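The structure under discussion appears below in the form of structure tokens.
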Amino acid sequence: MQHVRKPAVIMLCLLLLTACWDRKEISDVNFIMGMGIDLIEDDTYRVTFQWAYPPQFSTEGAASSQEENTVFSIEADTIPLAMAKLTEISPRVPIFSHMELIALGEELLSKNAEDVINVIDREFEIRRTVNLVMVKGTAESMLRAETPFEKVEATGIKEIIQLSNRSSTFEKVNLNVFFNHETDPHSLSYIPIAELVSDTALHTTDSSESSWIKVERIAFLENYRLKRELSAREARAWLFVRGEVRDGTITQINTGNGKLVGRSIAQSTSKKLDKQKDQPSLTISVEEKVSIIDKPLAMSIVKMEEVLANSVKEQIEETIAKMQEENLDIFFIRSFIRHKDRKLWSEIKDEWEEVYPRLDFKVQVDIDIQHENALRNQIPE
């Protein structure tokens, strides 16, 4: 019995002593946090990588003496070649699995980004949850700019996107969401727009010429190519139709007698499809619960609800009219009809380009004021 136990104990000890043969120490890897891609010529890309030096990489456990992040740009004919060239200057193995942001330059998206995005997804071993943004100008300039509180710009932009600000002018998009829309023949894909703004545009007191990063608005793509940029007003209307206006979103309306300011508590949207005389119609019903922050003197709750509802309705109707005129289905009406009424869709799908501009939209908006917590009553001018 003793002879049987000894080999078993030895084998158990050996198993406990084993380690992963391909394990990489954290101090041996280069975590790529963000990547920006610009098209500088027809067949040449400028790829910008950003990585970080976490304090724990120091062998002493103290903060590293090197700068906390590094941005490096490489020109190459292909994206994989740029990735390979990165190893020529990095003393650590580049790891892309923790990447937080992919920034695509405006010029690249104006031409066609299909090959670039597919190569990134296929070759870089990244998570499908990585955030995407379109950059007005160059992606390189974005990764070399500044974000408040963050040393790594890729992380700062990601956090701005995650917050999806209280202006409700954009929606975050990761690689998985982007591919879901791009691979749907009845849908346009979309990504938020990031741009650089000067400190003077932000009304800061600093007199330097530094630039800060701002995320606002939405860009729509068709077949990986930029199709249309929405204004902030159009983007808000788009979010209302989709029922995606964030809680806490602020709305301000100049009434002539003062400002009416409300904060969204909750928002939802429903759609109803109808077909009369062979012409389909769509009713969009928007409901929003609002808390009043500020209001003109003596304006009743009923009047405030009316003013807010008319403002939302006007935004939506204007945006729908523009999109019908341009024949752009940014509201994914094709997909809605296809899922709601397959028989109707089979009748109109071959003529959708003619049907959509003539589609009868009816917009209904109901505003329910939950709280009248006005900070002050404005005196009429």
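We did not get these values from a lab; they are worked out from the coordinates using the rules stated. Just so you know, these numbers come straight off a predicted model, no measurement behind them. Don't worry about glycine lacking a Cβ; one is built from the backbone with ideal geometry, like all the others, and counts go over all protein chains shown.
Computed values, structure above
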quantity	calculated
Cα-projected label distance for Lys322 with Val119, points at 7 Å along beta-carbon direction, nm	3.5 nm
Derived scalar couplings ³J(HN,Hα) [segment 355-362; Karplus, 6.51 cos²θ - 1.76 cosθ + 1.60; whole Hz; x for Gly, Pro]	6, 4, x, 9, 4, 7, 9, 10
Difference of contour (0.36 nm per residue) and Cα-Cα distance, Lys259 to Arg338	24.2 nm
Paired Rg and Dmax values of segment 254-381, which use every Cα atom, in angstrom	18.6, 58
Sites Thr129 and Glu306, calculated FRET efficiency, Cβ-Cβ separation with R0 41 Å, nearest 0.05	0.45
20 Å Cα-Cα threshold exceeded, pairs from Lys340/Lys362; Lys227/Lys340; Lys275/Lys349; Lys313/Lys362; Lys322/Lys362; Lys111/Lys214	Lys227/Lys340; Lys111/Lys214
Cβ charges +1 (Lys, Arg) and -1 (Asp, Glu), total dipole of segment 232-381, debye	380 debye
Long-range amide H partners of Val365 with built H, under 5 Å	Val286
Amide H within-cut-off set for Glu100, under 5 Å, with H built and near neighbours excluded	Gly34
